[in-house]
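Below is one structure; the comments refer to it alone.
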Amino acid sequence: MPADVRFDRVLLTGAAGSIGSCLRRGLGGELDELRLTDSRPVDELSDNETYVAADLTDPSALARAMAGVEAVIHLGGVPDEASFEALVGPNVHGTFNVFEAARRAGATRVVYASSNRITGFYPVSQRLSGWEPPRPDGLYAATKAWGEALGRLYADKFGLEVICLRIGSFEAEPTEPRHLETWLSHGDAVRLFRACLTARDVGFLTVYGASANSRSWWDLEESAERLGYVPHDDAEQWAERVGSDAESRGRQGDPFTAPDYGGWAAE
């Protein structure tokens, strides 16, 4: 980490996922210890990595994983629309367990992976800053709203520093028209999470996690000011390849706003 690093021992939940794997490559070597946890095995460990198998619904396992860390990057959970039965364990109970384990272990910062889909019902014509009330486009996004509310509670009640990242479309490169507005490149993801670990005195903060996309719906000014996050990439260079369907979309969360998306409300 840079010289002004605040956190050298960090727990990463969901370490076997795509963002977790990216952060291991991009940030792991900058930390004294990157502790990994997931319900699935992770790849071969680096010298400064440790792995603790833990299901998010198991408070005791999370307590073991959390012991001695200074900050938590919480990526774990079901990452897309699903039935309530599938979401409630990892995304509802699990998120509470992470915040509570962090509080009990004395960690001082949680970086919570929320989702841009928490505001999916806002119109594409409205530019968002991160402080607007949630308008989730489905059950998955509603669980992310729960996580943001927990973060606010733990910041206000216990003084935990919490950064909620409404993450855009995390991809190596844009592959569909919506990504022109929502893309988060791998390089910018590393820069964003590094900023979350090095910024000082953040209190509680909700920002969008995206690259510097020319067509973005989201204002990144606060993440630049409060976190020092400066994205480098812009999806516009892929515009000709992926095309555009902007005329057919009225809401930022389309097509996830459709009543039958995810199948649980199809009948």
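The values are calculated or read from the model by the stated rules, or taken from the named source; none is laboratory data. Computed from a predicted model, the values in this text were never measured in an experiment. With ideal geometry, Cβ positions are generated from the backbone for all residues, glycine too; neighbour counts draw on all protein chains shown.
Structural remarks
- The listed residues are R103, R194, R127, and the only one of them that is surrounded by fewer than 23 Cβ atoms within 10 Å (Cβ to Cβ), farther than 21 Å from D219 by Cα and in contact (Cβ under 8 Å) with a residue 24 or more places away in the chain turns out to be R103.
- Considering the stretch 172-216, and only residues there that are more than 22 Å from W131 (Cα to Cα) and hydrophobic (A, V, I, L, M, F, W, C), the residue that is nearest to the chain's Cα centre (by Cα) turns out to be V190.
- Among the residues of the stretch 225-242, the ones that are more than 17 Å from G203 (Cβ to Cβ) and surrounded by 11 or more Cβ atoms within 10 Å (Cβ to Cβ) come to 10 in all.
- Condition check for E161: at pLDDT 95 or above and charged (D, E, K, R): yes
- Selection count, the stretch 166-191, where residues are of a type in the set (F, W, Y) and either in contact with a Cys (Cβ under 7 Å, 6 or more places away or on another chain) or surrounded by fewer than 23 Cβ atoms within 10 Å (Cβ to Cβ) (or both): 1
- Residue count for the stretch 80-100 satisfying the condition of being assigned to a helix (DSSP H, G or I) and either β-branched (V, I, T) or buried (at least 19 other Cβ atoms within 10 Å of the Cβ) (or both): 10.
- Residue under evaluation Q237, criteria (1) among the polar types (S, T, N, Q); (2) in contact (Cβ under 8 Å) with a residue 12 or more places away in the chain; (3) in a helix (DSSP H, G or I), criterion not met: (2)
- Residue selected from the stretch 82-122 under the condition of a type in the set (V, I, T) and over 19 Å from C196 (Cβ atoms), by the criterion farthest from the chain's Cα centre (by Cα): V88
- Enumeration of residues in the stretch 1-56 that are part of a loop (DSSP other than H, G, I, E, B) and hydrophobic (A, V, I, L, M, F, W, C): M1, A3, V5, F7, A15, A16, L31, V42, L45, A54, L56
- Scanning the stretch 155-171 for residues that are within 16 Å of the chain's Cα centre (by Cα) and either assigned to a strand (DSSP E or B) or charged (D, E, K, R) (or both) gives E161, V162, I163, C164, L165, R166, I167, S169, F170, E171.
- Here D47, D38, D43 are screened, and the one residue that is crowded, with 20+ Cβ neighbours inside 10 Å, over 19 Å from A199 (Cβ atoms) and at pLDDT below 95 is D38.
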